[in-house]
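Working notes, beginning with the structure itself.
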Amino acid sequence: MDESKEIKNLELLAPKQSKLKLYLYLLVVILLAVFLRVYKLDQIPPSLNWDEAAAGYNAFTIANWGQDEWGQTFPLIFTSFRDDKHPVHIYTAAVFVKLFGLSDFTTRLPAAVFGVLAVILIFFLTKKLLKSNLAAFFASFLLAISPYNIQFSRGLWEINFALFYLILGLFLFYLGLEKKNYLLTGSFVAFIVSMLSYHSAKVVVPAVLLTLIVFYFKQLIKLKEKFYLGLGIFLLFIILMVLNPKIAGLARVNQNKFSEEQIKKTEIYQKTKNQTLAYGEIVGRQYLSHFSFAYLYEKGDPTPRNSIKVLGEFYKFEAPLFLLGLIFLIWSRSKVSMVLLVWLLSAPLPSALVQGAPNASRALFMMGVMQLVEGFAVAKILNWLSKGKFSLPQVKLTNFKYGLGIALIIISLISLKEFTDYYFGNYAKKDAIDWQYGMKEVVNFVQKYPDYSRVYMTDVRSQPYIFFLYYLKYPLPKYLSTVQLNQDERSYKYNTVYSFDKYQFGGWDVVQSMPDPGLVYVVEDSKYGGLAHLKDFARYEKIKFPDGGAAFYIVSKY
């Protein structure tokens, strides 16, 4: 199919309306997106998790000393908990921290901002690909109210950064192709930044980019240096990634690979004793789980930090829209439809290839493309109505079309209310422990009583040291001069630092904690009642979860 026929196929002939009215509608969507991502941002989720605190503290040290917590100067990959964190969200957060200071709000704000930017950009990408204002508006609106996107916009995750730069790469690619300028080269840079943002992008971005090159090769080679420069930069990055396991993310892959026991339990292995085929069985099963109704529309990701678990990653009313949009897209048989299908079908692969699927964070690229497909369906149906494709006696088609559009928006807002009622209500109370709630309160206590000579903190929560560094805004040079790393290989994965300054994390007999002057102990609820010298402690502080349960007990002689 040639390009002119392809565009004609995809064009939806949206109703003529002034640009001012269109962008006023978009502005309303943007304001809604901002509110949903910024309202009570420092309170819900109820506390920073360890990865947020780590990214926030490293952003703080980069902003003030140009080094990460390990003393590395402007690293490309952050060692952090020895899990090799990506740089994009940390360097972006460093700008916010430098401008506004370190706080829970400023740490989370970059993800919220990029969530809103994705809502804006999906509008322009959809408009560019499908030539439809209606499709663009609904794709943007659906992403703005998406429980999936809201969830990952309210914490300093890498997800929104990777998604934004993929969308930006696609938009710049098509714009550069149309205008025949260096925006095309910029698209390759945006794709690289997406890959530097999150591991999943290292699977999805190459698949999407290869599809673009294959389908638009004849046009690309006519642009000569604009294409070759971008491609050369991208290939250099691929070579760098191959040569550097940290950039490739091999450490993370090894942490989450399937165990030998899992492989041997598969039906295929039982019959063939072939581990490769058995691996394929697990991957296939996990891949399909991302398209199950339960995951998409009922329960979502079972991990509390990734989902509220009582609703799906998408709203139920989106299911028929997605199915119709997918049919329309396949039926169009265009280059654009093939690119979108590759985006959609490759999105669950990063999650399927390791254990723990379905996983919303690893399958993040299902966001954006699904809303785009749904927007396509809405626009197609409404424009069919405006062109009289259906016979509806005694009903003016124009009025019916607008009524249907308004009804869809109302249904969307009702679904949004159901999500926000739970998210801003029970979610913060029910799943507080999964957000490491109580660590901020512990550090606040320590700051309130600075005269203790030694603070013993339980390591029952992973990486407790990072919360002390973060909330104390601890100077990097002072930290590096006193830090002692945990040398026990079994422990450092969840407790990298044994101690710094007067703070010790684990490594003592909690039950035998001694009520000596100058010492303070932070112990978990399960150990508190069994303290051998409990009656000899004079001070007892109880750190409570939002639902009233005990998070920690703090005990000392005075």
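The values are calculated or read from the model by the stated rules, or taken from the named source; none is laboratory data. The structure displayed is predicted, hence computed values, not measured ones. Note that we place each Cβ from the backbone using ideal geometry, even for glycine, and neighbour counts take in every protein chain shown.
Okay, here's what the table says:
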{"item": "Options K180, K202, K264: the member that is assigned by TED's automatic domain parsing to the domain that holds L372 and within 22 Å of F124 (Cα to Cα)", "result": "K180"}
{"item": "Residues within segment 50-69 that are surrounded by fewer than 22 Cβ atoms within 10 Å (Cβ to Cβ) and either in contact (Cβ under 8 Å) with a residue 12 or more places away in the chain or hydroxyl-bearing (S, T, Y) (or both), tallied", "result": "5"}
{"item": "Enumeration of residues in segment 284-310 that are surrounded by 18 or more Cβ atoms within 10 Å (Cβ to Cβ), of a type outside the set (S, T, Y) and in a helix (DSSP H, G or I)", "result": "Q286, L296"}
{"item": "Considering residues of segment 158-185 that are in contact with a helix residue (DSSP H, G or I) (Cβ under 6 Å, 6 or more places away or on another chain) and farther than 21 Å from V342 by Cβ only, the residue surrounded by the most Cβ atoms within 10 Å (Cβ to Cβ)", "result": "N160"}
{"item": "Matching residues in segment 223-237 - criterion: being in a helix (DSSP H, G or I) and in contact (Cβ under 8 Å) with a residue 24 or more places away in the chain", "result": "K226, F227, L229, G230, L231, I233, F234, F237"}
{"item": "Selection from segment 139-159 of residues that are of a type in the set (S, T, N, Q) and either at pLDDT below 95 or in contact with a Lys or Arg (Cβ under 9 Å, 6 or more places away or on another chain) (or both)", "result": "N149, Q151, S153"}
{"item": "Hey, A377 aliphatic (A, V, I, L, M) and either outside any helix (DSSP H, G or I) or at pLDDT below 90 (or both) or not", "result": "no"}
{"item": "Among (1) of a type outside the set (D, E, K, R); (2) modelled with pLDDT under 95; (3) surrounded by fewer than 21 Cβ atoms within 10 Å (Cβ to Cβ), the one test that V342 misses", "result": "(2)"}
{"item": "Lone qualifier among E318, E313 - being acidic (D, E), touching a helix residue (DSSP H, G or I) at 6+ places or on another chain (Cβ under 7 Å) and over 23 Å from K131 (Cα atoms)", "result": "E313"}
{"item": "Entirely in segment 461-558, the helices (runs of 4 or more DSSP H) that have 3 or more residues that are without any contact (Cβ under 8 Å) to a residue 24 or more places away in the chain", "result": "476-482"}
{"item": "Given (1) modelled with pLDDT under 90; (2) in contact with a Lys or Arg (Cβ under 7 Å, 6 or more places away or on another chain), number of the condition K493 does not satisfy", "result": "(2)"}
{"item": "Qualifying residue in segment 256-273 (condition: β-branched (V, I, T), out of contact with any strand residue (DSSP E or B) (no Cβ under 6 Å at 6 or more places or on another chain), assigned to a helix (DSSP H, G or I) and modelled with pLDDT under 85)", "result": "yes"}
{"item": "Selection from segment 79-103 of residues that are modelled with pLDDT of 95 or more and within 18 Å of Y465 (Cβ to Cβ)", "result": "I90, L102"}
{"item": "All positions within segment 313-338 that are part of a loop (DSSP other than H, G, I, E, B) and either modelled with pLDDT under 95 or surrounded by fewer than 22 Cβ atoms within 10 Å (Cβ to Cβ) (or both)", "result": "K316, F317, R333, S334"}
{"item": "Segment 414-454, residues that are without any contact (Cβ under 8 Å) to a residue 40 or more places away in the chain and more than 22 Å from F467 (Cα to Cα)", "result": "I414, K417, D421, G425, N426"}
{"item": "Unmet criterion (only one of (1) under 29 Å from E52 (Cα atoms); (2) surrounded by 24 or more Cβ atoms within 10 Å (Cβ to Cβ)) for L130", "result": "(1)"}
